[in-house]
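Worksheet for the structure shown next.
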Amino acid sequence: MKIAIVGMKHSGSTMLFYMVRHAISMSGKNNEIDVVKSHEYVNHEKVIATIRDPRDTSISGFMRFSYHQSINGTCKDPMNQLRLFGVLPFLNYMRENILLAYDALSHPQQPFLFVYEEFHRDPVSVIKNLFLDYLDLPLTLEQIETILDQRKTFFYQADMPRDLQEYLRIQRQPLEKYDRLLTRDHDTSGGSCNKCITFFPIEYQRIILEDALVMDFLKRFSYVQDTT
């Protein structure tokens, strides 16, 4: 069986990739199941489509790829950087991510919908449904809870690269020396949800909600109430 984890950037797909790989290993099906992670359409038997509030994904993208990578980033005020950055790059990131989500959900075999916020509200139920019902892995509840507990250590391993620059240096080594997608700066907010409410100034929030593509997605997946 081939499994693809696809969908939005900064929607938990890398964390989920490692959890699925761990689950396959625990189930003893390493030789029967192959899993890949991509942000673009992959035509596999099983597809897990990851989504998250696109406003929050844009903040994570900003913190990881712009704020944390800039010189002396840790000494700067992120709100000041936000004002200098402007709202348009965030909007473009949201639109790109929404199109990735729709692309993943268009798979002819109905994908498993992994909603980032639902996972953080009730991780056991979400992962149980994914592993036992959708992927049909022979795991016990105790094994599932072990996998969930171990995910918390993904970002804190001694040999993990500090940031993207170090990751790129490591990637130049032979592949067998390094087989991870994560860096220590991958998790920008400890898995928090609804951070867009306090992060974006009121004028930015208004502009974002006036964007038709963004607003349609937010309504469709109940991130905002549809009053029409």
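The modelled label-to-label distance for the pair Gln81/Leu141, using points 7 Å beyond Cα in the direction of Cβ, is 4.3 nm. Each residue of segment 105-111 was assigned a 3J(HN,Hα) from its phi angle through the Karplus expression (A = 6.51, B = -1.76, C = 1.60, θ = phi - 60°), giving 6, 7, 4, x, 8, 4, x Hz with x at Gly and Pro.
Where a number appears in this text, it was derived from the coordinates with a stated rule and is not lab data. The structure displayed is predicted, hence computed values, not measured ones. Ideal geometry is used to build each Cβ from the backbone, glycine not excepted, and the neighbour counts take in all protein chains shown.
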